[in-house]
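Reading through the structure tokens given below for one structure.
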Amino acid sequence: MTTTAFPLFRLPYLALNKVFCSLECGNLIALSACSKRCNRIVKSMKKELFEIRIKITSNYFSCKVADKNSKSWWVAKCNLDIDVRSFILSGEEMKITRVNDSFHISCPPQKRRLIIGSVIDHIVEIVQSRITTVEIRTNGFDDFLNFVPCFRNSREILFNGDTPISERDKRIVRNNVNFGTDLYYCRE
């Protein structure tokens, strides 16, 4: 016996909007990457997402998106080979694996900045909210300054590490973020 797919996109706009509003933030973000039409519908919805938190180190990246009900969705950079799907965001192909409410991204080191930037841009565009907090662990992270422009619209950026950040690097950071972004330089 074969079943036919439910004609979701043939629903009237208000009914379709109601269906999409009932989805959790992770499903909305994943759905928005499926097609231009899904992306347009997700972006047109009124969302009450309030928090985007990012943590990045020399070999790890995570992004947590939480909605008003504290339901959260995670993106993490790691290498998993289970149920891998390919997506193209901003012209960059990436392999994404979903494990419960987490999405794991596999990306080659030479494209890391482009892929992470594409993921961040997509999430910010879909949830229509500023990044709340970015934590950059500078230990062994020689090219951390290359990632700062990805977070230019953040409310706050924290730099943690054993070595203090030089005044020259602080100037580069200030020149690459918007006025009003709180910058914190901490030592562990």
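None of the figures in this text is laboratory data; all of them are computed from the coordinates on show. Since the model is a prediction, treat every value here as computed from it, not as a measurement. So basically every Cβ, Gly included, is an ideal-geometry build from the backbone, and we count neighbours across all protein chains shown.
Just to be sure I understand: of the beta bridges DSSP finds with both ends in the chain, what percent are antiparallel, rounded to 5?
55 percent
Could you put E93, E24 in order, starting from the residue whose Cβ has the fewest other Cβ atoms within 10 Å?
Numbers: E93 12, E24 15.
Exposure proxy ranking, most exposed first: E93, E24.
Just V119, V19, V65 to compare: in a GNM of the chain, with alpha carbon springs under 10 Å, which one fluctuates most?
In this elastic network of the chain, the residue with the biggest mean-square fluctuation among V119, V19, V65 is V19.
Past the 31 Å Cα-Cα mark, which pairs from K18/K111; K68/K111; K68/K170; K36/K111; K43/K170?
K18/K111; K68/K111; K68/K170; K43/K170
Can you tell me how much longer the chain between Y184 and N59 gets when fully stretched, taken as 0.36 nm per residue apart minus their C-alpha distance, in nm with one decimal?
42.9 nm
Largest first and to the nearest Å, give the Cα extent of the chain along each principal axis.
Sorted largest first, the three principal extents are 65, 36, 28 Å.
Order by neighbour count: K68, K36, fewest other Cβ atoms within 10 Å first, most last.
Result, fewest neighbours first: K36, K68.
Sort 152-158, 164-170 by the packing proxy (mean of other Cβ within 10 Å over each peptide's residues), most packed first. Mind dumping the intermediate values first?
Values: 152-158: 17.1, 164-170: 12.6.
Listed from highest to lowest mean packing, they are 152-158, 164-170.
Counting only helical runs of four or more DSSP H residues, what would the 222 nm mean residue ellipticity of the chain come to if each run contributes -39,500 (n - 2.57) and the total is spread over all its residues?
The per-residue figure over the chain is -8000 deg cm²/dmol.
If the chain between N153 and D169 were fully stretched, how many nm would it gain, using 0.36 nm times the residue separation less the Cα-Cα distance?
3.9 nm
If you take the beta carbon distance between S35 and Q110 as r and set R0 to 22 Å, what does 1/(1 + (r/R0)^6) give as a FRET efficiency, to the nearest 0.05? Numbers along the way, then the final one.
Values: r = 29 Å, r/R0 = 1.30.
Efficiency for this residue pair is about 0.15.
Mind jotting down the three principal axis lengths of region 148-188 based on Cα atoms? Whole angstrom, largest first.
26, 18, 16
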